[in-house]
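Undergrad: This is the structure, below, for whatever I ask next.
The values are calculated or read from the model by the stated rules, or taken from the named source; none is laboratory data. Since the model is a prediction, treat every value here as computed from it, not as a measurement. No Cβ is skipped: glycine too gets one built from the backbone with ideal geometry, and neighbour counts run over all protein chains shown. Side chains are part of the model used for accessible areas, which takes the heavy atoms of the whole protein and leaves out ligands, DNA and RNA. Shrake-Rupley method; radii C 1.70, N 1.55, O 1.52, S 1.80 Å.
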Amino acid sequence: MSLDTVLKIGKTFKESPSGWRYHRFLKSIEDEIGIYKRNKDSGGKAIETTVYKLPVKGNAEIGFEFDFDHLEELNDESKIKSLLYLNYKTSDKDAEKKYMFGDIIYSKFKDKKGKIIENGNYRLKLEGGKKSGSFERCKDEAADLEGTTIGKFRDCFEAHLDKIEGEILQRHPAVVIHFAFEGGKTWLDQENVVDLMKKKLLDAFVIESSTDHRKVFALNKTLFKTGANQIVAQATIKHPI
């Protein structure tokens, strides 16, 4: 398949209103829950996931606030099926779990061998400050988003960080926090979020340099080696790059 064809495939997904939902860094919460069910804890019990709906008041202009008084379990299977989470990375080899924005899915339990197993798009900070949690790990990447929808959300998240980590994420062996914005909207529906995330991921995977007084852009080596194959292979299914 020619490069021109690959670029046309990418353009089609880019211009599609729902194309961003098939990005390879966006994952299905329902699928992740299914994976957890196949795991068992030290007592041989399957890992069950508790899904919470946390209302979010406000908007990017006035700021956000979490309505913990109306935190509730979400049991609507059709709604859960539609939920996505962002597995944010700055490179394909990035093993750090960095939380930028959006719904959270997290699991931590001991298996039959007594080994601690952690999964999901979030990691808790270790006691004693020996290792920062996922929110703190993403502070550098999120620094230039101050004042944006994502930046305002992170301001609110940081203000309630101890409550989110200590009272919700550590309450169950597997848990989801679905942030329910006003008007029944999800994190992906918020103003300019898709454009902001596209830019952040583009900055991570595209290298800018200059030659002969001109700006030159090149693909990150990892993306260059795998990108075309992923677009072609997934174009008829899902998860284009």
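Undergrad: Taking all protein chains as present, what is the carbon and sulfur share of the accessible area of region 64-187, in % to the nearest whole number, probe 1.4 Å?
TA: Details: 2740 of 6250 Å².
Ligands and nucleic acids excluded, carbon and sulfur reach 44 percent.
Undergrad: Just how far, in whole angstrom, is region 121-195 from region 45-113 if you go by their alpha carbon centroids?
TA: Computed from Cα coordinates, the inter-centre distance equals 8 Å.
Undergrad: Here is a follow-up. Starting from 0.36 nm per residue, how many nanometres of slack lie between E96 and T50 once their C-alpha separation is accounted for?
TA: Values: separation 46, 0.36 × 46 = 16.56 nm, distance 2.43 nm.
That works out to 14.1 nm of additional length.
Undergrad: Here's a follow-up. Send over the per residue convex hull volume for region 29-128, Cα only, as a whole number of Å³.
TA: Output value, Cα hull per residue: 176 Å³.
Undergrad: Further question on the same structure: For region 50-55, just list the computed ³J(HN,Hα) in residue order, Karplus coefficients 6.51, -1.76 and 1.60, θ = phi - 60°, integers in Hz, with x standing in for Gly and Pro.
TA: Working through the residues one at a time gives 9, 9, 10, 10, 10, x Hz.
Undergrad: Output ³J(HN,Hα) for region 39-47: one whole-Hz value per residue in order, computed from phi by the Karplus curve 6.51 cos²θ - 1.76 cosθ + 1.60 with θ = phi - 60°, and x for Gly and Pro.
TA: Here the 3J(HN,Hα) series is 9, 10, 7, 4, x, x, 8, 5, 7 Hz.
Undergrad: Using R₀ = 25 Å, calculate the FRET efficiency as 1/(1 + (r/R₀)^6) where r is the Cβ-Cβ separation of D69 and D189; round to 0.05. Numbers along the way, then the final one.
TA: Working: r = 23 Å, r/R0 = 0.93.
With R0 = 25 Å, the Cβ-Cβ based efficiency is 0.60.
Undergrad: So, for region 54-196, what is the accessible surface per residue at a probe of 1.4 Å, expressed in square angstrom? Write down the numbers at each step before the final one.
TA: On the way: 7310 Å² over 143 residues.
Ligands and nucleic acids excluded, the result is 51 Å² per residue.
Undergrad: Determine ³J(HN,Hα), in whole Hz, for all residues of region 26-34 in sequence, where each value follows from phi through the Karplus function 6.51 cos²θ - 1.76 cosθ + 1.60 and θ = phi - 60°; x replaces Gly and Pro.
TA: 9, 10, 7, 5, 4, 4, 5, 4, x
Undergrad: Could I ask something else about it? Grab the Cα-Cα distance for K139 and D76, subtract it from 0.36 nm times how many residues apart they are, and report the gain in nm with one decimal.
TA: Details: separation 63, 0.36 × 63 = 22.68 nm, distance 3.32 nm.
Between K139 and D76, full extension yields an extra 19.4 nm.
Undergrad: Sticking with this one: What figure in square angstrom, to the nearest 10, would you give for the accessible area of S78 with a 1.4 Å probe?
TA: Surface accessible to solvent at S78 totals approximately 80 Å².
Undergrad: Expressed as a fraction of 2.2 N^0.38 Å, the rule-of-thumb size for a compact globular protein of N residues, what is the C-alpha radius of gyration of region 143-192? All intermediate terms of the calculation are to be shown ahead of the outcome.
TA: Values: Rg = 12.7 Å, N = 50, 2.2 N^0.38 = 9.7 Å.
That works out to 1.30 for region 143-192.
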